[in-house]
């Protein structure tokens with residue numbers, strides 16, 4: 001299972017900033033696949049569409065906040081772990097330095113926000129005066145903190161709620177929970193550094209702390225309760241997103257709506273299959289899902305994709321790798337242009 005991407009970026013005085021990179025959430029990828037394949041008139045379409053926009057809004061907000069870290073100057077080695085998933089805890093950002101550990105819960109919500117601590121209530125008032133309630137991020141960040149305390153890390157644990165939308169008005173807040181806009185991260189880091197100036201764990205202990213957390217990082221596999229027989233079959237045009245299957249003709253898929261043709265849509269289609277149905281696929285399943293006219297044609301396509309497989313020719317089961325794209329084929333030593341040009 002992927003543990004995320006790590007990068008080392010040189011800082012002043014020879015220190016390093018090590019990042020568990022923020023990646024596009026798998027939940028968002030699954031929802032994109034659902035919306036590509038689910039008919040617009042399906043009774044559950046609006047339900048998935050609503051989840052998609054909320055998930056995308058959260059991801060967009062996290063990316064906005066990520067930009068603030070490049071403006072923070074520190075002379076101490078520190079770590080940033082984005083989207084750290086520990087059991088049922090998904091921590092948006094975890095900042096770790098020799099003095100303390102800081103959990104950030106990031107919210108991308110517009111309007112006027114009120115945090116009612118004793119009522120465990122989080123309210124948003126829109127410009128038209130209407131109110132809307134959300135799951136309280138205070139409860140979320142405190143739950144994360146309690147869980148991290150169970151690791152007995154021997155380092156102070158702090159937490160804060162960060163609002164990524166600069167136009168949002170922060171109203172009532174409890175005095176014991178830091179809640180501020182993304183632009184306040186730098187100042188908050190400085191305040192905590194002064195607060196814990198007498199606390200300083202060794203570089204070895206710092207590395208061990210991060211390694212322990214990464215060891216427990218377990219990204220969730222997202223599956224929705226979905227009736228797969230409702231999903232659109234075939235290839236979906238990525239140019240106009242016309243929800244009619246593209247026509248297969250002489251090795252190409254052709255969109256009847258905009259006229260685009262090509263083989264590249266196959267990679268998106270395989271990704272959809274992996275996210276929504278299974279990472280294993282047989283010739284028969286490939287033909288059925290992608291409207292391939294014959295067993296021989298399907299066999300040629302699957303062979304040229306160079307997918308890992310098990311079994312003999314008739315019983316062969318192919319595995320669709322995570323993040324399978326035409327670029328992944330290049331990395332495997334194949335020339336994707338040859339695959340695109342081939343007449344099947």
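Taking segment 267-301 on its own, how many of its residues are in a loop (DSSP other than H, G, I, E, B) and either within 20 Å of residue 236 (Cβ to Cβ) or at pLDDT 95 or above (or both)? Show your work before the answer.
Filtering segment 267-301 for residues in a loop (DSSP other than H, G, I, E, B) gives 277-279, 291-294.
Next, only the ones that are either within 20 Å of residue 236 (Cβ to Cβ) or at pLDDT 95 or above (or both) stay: 277-279, 291-293.
Of the residues in that region, 6 qualify.
Quick one: is residue 91 within 22 Å of residue 192 (Cβ to Cβ), assigned to a strand (DSSP E or B) and without any contact (Cβ under 8 Å) to a residue 60 or more places away in the chain?
Numbers: within 22 Å of residue 192 (Cβ to Cβ): yes; assigned to a strand (DSSP E or B): yes; without any contact (Cβ under 8 Å) to a residue 60 or more places away in the chain: yes.
Yes: the conditions hold for residue 91.
Do we find a residue being modelled with pLDDT of 90 or more, surrounded by 15 or more Cβ atoms within 10 Å (Cβ to Cβ) and in a helix (DSSP H, G or I) anywhere in segment 302-312?
Looking through segment 302-312, at least one residue is modelled with pLDDT of 90 or more, surrounded by 15 or more Cβ atoms within 10 Å (Cβ to Cβ) and in a helix (DSSP H, G or I).
Which is in contact (Cβ under 8 Å) with a residue 40 or more places away in the chain and over 27 Å from residue 41 (Cβ atoms), of 179, 277? Quick ask: steps written out before the conclusion?
Numbers: 277 fails: over 27 Å from residue 41 (Cβ atoms).
Answer to the check: 179.
State all residues of segment 264-279 that are in contact with a strand residue (DSSP E or B) (Cβ under 8 Å, 6 or more places away or on another chain) and surrounded by fewer than 16 Cβ atoms within 10 Å (Cβ to Cβ); if no residue qualifies, say none.
Answer for segment 264-279, where residues must be in contact with a strand residue (DSSP E or B) (Cβ under 8 Å, 6 or more places away or on another chain) and surrounded by fewer than 16 Cβ atoms within 10 Å (Cβ to Cβ): just 279.
Looking at segment 288-302, I want the residues that are more than 16 Å from residue 273 (Cα to Cα) and have a partner that is surrounded by fewer than 20 Cβ atoms within 10 Å (Cβ to Cβ) with Cβ atoms under 6 Å, at least 6 apart or on another chain. Which pairs are those?
Correct list of pairs: 297/344; 300/344.
What pairs come out if I take residues in segment 139-154 that are without any contact (Cβ under 8 Å) to a residue 60 or more places away in the chain and pair them with residues that are in a helix (DSSP H, G or I) whose C-beta lies under 6 Å away, six or more apart or interchain?
The qualifying pairs are 153/209.
Checking the structure you have, find out if any residue of segment 209-227 is free of Cβ contacts under 8 Å to residues at least 60 places away in the same chain and closer than 30 Å to residue 150 by Cβ. Full working, then the answer.
Going through segment 209-227, the residues free of Cβ contacts under 8 Å to residues at least 60 places away in the same chain turn out to be 211, 215, 225, 227.
Keeping just the survivors that are closer than 30 Å to residue 150 by Cβ gives 211, 215.
Looking through segment 209-227, at least one residue is free of Cβ contacts under 8 Å to residues at least 60 places away in the same chain and closer than 30 Å to residue 150 by Cβ.
Is it true that some residue in segment 113-123 is assigned to a strand (DSSP E or B), buried (at least 18 other Cβ atoms within 10 Å of the Cβ) and in contact (Cβ under 8 Å) with a residue 24 or more places away in the chain?
Restricting attention to segment 113-123, the residues satisfying the condition of being assigned to a strand (DSSP E or B) are 113-116, 121-123.
If we keep only those that are buried (at least 18 other Cβ atoms within 10 Å of the Cβ) too, we end up with 113, 115, 122-123.
Then drop every residue that is not in contact (Cβ under 8 Å) with a residue 24 or more places away in the chain, which leaves 113, 115.
Among the residues of segment 113-123, at least one is assigned to a strand (DSSP E or B), buried (at least 18 other Cβ atoms within 10 Å of the Cβ) and in contact (Cβ under 8 Å) with a residue 24 or more places away in the chain, which makes the answer yes.
Looking only at segment 244-263, count how many residues are assigned to a loop (DSSP other than H, G, I, E, B) and either crowded, with 17+ Cβ neighbours inside 10 Å or in contact with a helix residue (DSSP H, G or I) (Cβ under 8 Å, 6 or more places away or on another chain) (or both). Steps first, please.
Here is the first cut: in segment 244-263, the ones assigned to a loop (DSSP other than H, G, I, E, B) are 244-246, 250-251, 255-260, 263.
Still in the running and either crowded, with 17+ Cβ neighbours inside 10 Å or in contact with a helix residue (DSSP H, G or I) (Cβ under 8 Å, 6 or more places away or on another chain) (or both): 245-246, 255, 260, 263.
Count: 5.
Quick check on segment 162-176. Is at least one of its residues in the same structural domain as residue 88 (by TED's automatic domain parsing), out of contact with any strand residue (DSSP E or B) (no Cβ under 7 Å at 6 or more places or on another chain) and within 28 Å of residue 209 (Cβ to Cβ)?
Going through segment 162-176, the residues in the same structural domain as residue 88 (by TED's automatic domain parsing) turn out to be 162-176.
So of that shortlist, the ones also out of contact with any strand residue (DSSP E or B) (no Cβ under 7 Å at 6 or more places or on another chain) come out as 165, 167, 175-176.
Now restrict to residues that are within 28 Å of residue 209 (Cβ to Cβ): 176.
Yes, some residue in segment 162-176 is in the same structural domain as residue 88 (by TED's automatic domain parsing), out of contact with any strand residue (DSSP E or B) (no Cβ under 7 Å at 6 or more places or on another chain) and within 28 Å of residue 209 (Cβ to Cβ).
Going through segment 227-238 one residue at a time, which ones are at pLDDT 85 or above and either surrounded by fewer than 17 Cβ atoms within 10 Å (Cβ to Cβ) or over 22 Å from residue 294 (Cα atoms) (or both)?
Start the filter on segment 227-238 by keeping residues that are at pLDDT 85 or above, which leaves 227-237.
Hits for segment 227-238 are 227, 228, 229, 230, 232, 233.
Please pick out the residue among 122, 100, 115 that is more than 23 Å from residue 64 (Cβ to Cβ) and either in contact with a helix residue (DSSP H, G or I) (Cβ under 8 Å, 6 or more places away or on another chain) or at pLDDT below 95 (or both). Write out each step before concluding.
Values: 122 fails: more than 23 Å from residue 64 (Cβ to Cβ); 115 fails: more than 23 Å from residue 64 (Cβ to Cβ).
The match here is 100.
Need the failing condition index for residue 256 against (1) under 21 Å from residue 34 (Cα atoms); (2) touching a strand residue (DSSP E or B) at 6+ places or on another chain (Cβ under 9 Å); (3) at pLDDT 85 or above, just the number.
So residue 256 meets the others, but not (1).
Please enumerate the residues belonging to segment 184-211 that are surrounded by 12 or more Cβ atoms within 10 Å (Cβ to Cβ) and under 28 Å from the mean Cα position of the chain (by Cα).
Across segment 184-211, the qualifying residues are 184, 185, 186, 188, 189, 206, 207, 208, 209, 210.
The values are calculated or read from the model by the stated rules, or taken from the named source; none is laboratory data. What you see is a predicted model, and the numbers here were worked out from it, not measured in a lab. Cβ sites come from the backbone with ideal geometry, for glycine too, and all protein chains shown count toward neighbours.
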